[in-house]
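Worksheet for the structure shown next.
No lab work stands behind these numbers, since they all come straight from the coordinates. Keep in mind that what you see is a predicted model, and the values were worked out from it rather than measured. Glycine gets a Cβ as well: all are built from the backbone with ideal geometry, and neighbour counts include every protein chain shown.
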Ligand SMILES: [Zn+2]
């Protein structure tokens, strides 16, 4: 037994405090050695104490940003889904904008839109600025940079970012204050109710911790929070946002590792999961809740109403 008391005192974000419920202590379920995974009994979200424990961070920016074709397909998917041109999106904030490739895409599609980006890594931020000379790029932590952003924004996007931030629920509250009354926040993140993390955890538990690779691979140390659908709904509620659209993607085959047989089997399973309305990546479109309460009947709401599932 290690000194849990001391550790508990140090924990402020992630780890044994649920990143969604905050006040609620989460239970330690999986000990991967250099970091541990916790499950919140309240909302079903999982979190990691990798940040607090300074576990080795395996983040590889090059491989992360290498899938531009697949990324472009996703960007186009979002643009088509929210009809950016029709609804007059005049301002876009990309949180965690990386090398600025998405902002560049937005600039091509909506040449008159005002664009801003926030990026933690100075080198990637410099690349984003060079790619987007007309955009404002803020360098630093998302929440720390938000006061410099010139809201309100018609569209705020977070691509592969939400699972990296230590206080996602707070970030969402801050973003809700920056989104225009008829604007939207788009989040793409990892879905903990997917088959992949479930199988990883099952393998770990079933083997008494001997088979740890699948659990580690599906809960890498640079990811701090792993969201259940219930947790996402709770977080949206607390930020005063409605989920107006929700859909799932599967992991690209190019991003998988292992033997060809393992990749083929995993790929087939994920395809099946996707067909059943679930997936490793969850996409959410959120909008200010007041709109619907005040009986707004804009074409935007008519289009998106009823798509969010439950
Ligand atoms: Zn929770």
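When the Cα atoms of segment 58-293 are aligned to their principal axes, the ranges along those axes come out at 53, 42, 31 Å in descending order. Averaged over residues, the count of other Cβ atoms within 10 Å places the peptides 213-219, 165-171 in the sequence 165-171, 213-219, highest first. Full extension of the chain segment joining residue 121 with residue 238 gains 39.2 nm, where the gain is 0.36 nm per residue of separation less the Cα-Cα distance.
Listed peptides 266-274, 178-186, 90-98 appear in the order 90-98, 178-186, 266-274 once ranked by packing, highest mean of other Cβ atoms within 10 Å at the front.
Fully extending the segment from residue 290 to residue 112 would add 61.3 nm, taking 0.36 nm per residue of separation and subtracting the current Cα-Cα distance. Fewest neighbouring Cβ atoms within 10 Å first, the residues 232, 51 line up as 51, 232. Between residue 210 and residue 259, the distance separating the two model label sites (each 7 Å from Cα on the Cα→Cβ line) works out to 1.8 nm.
PRE reach from residue 141 (point 7 Å along Cα→Cβ): which of segment 19-53 fall under 15 Å by backbone N? Once the point is set 7 Å along Cα→Cβ of residue 141, 51-53 turn out to lie under 15 Å by backbone N, inside segment 19-53.
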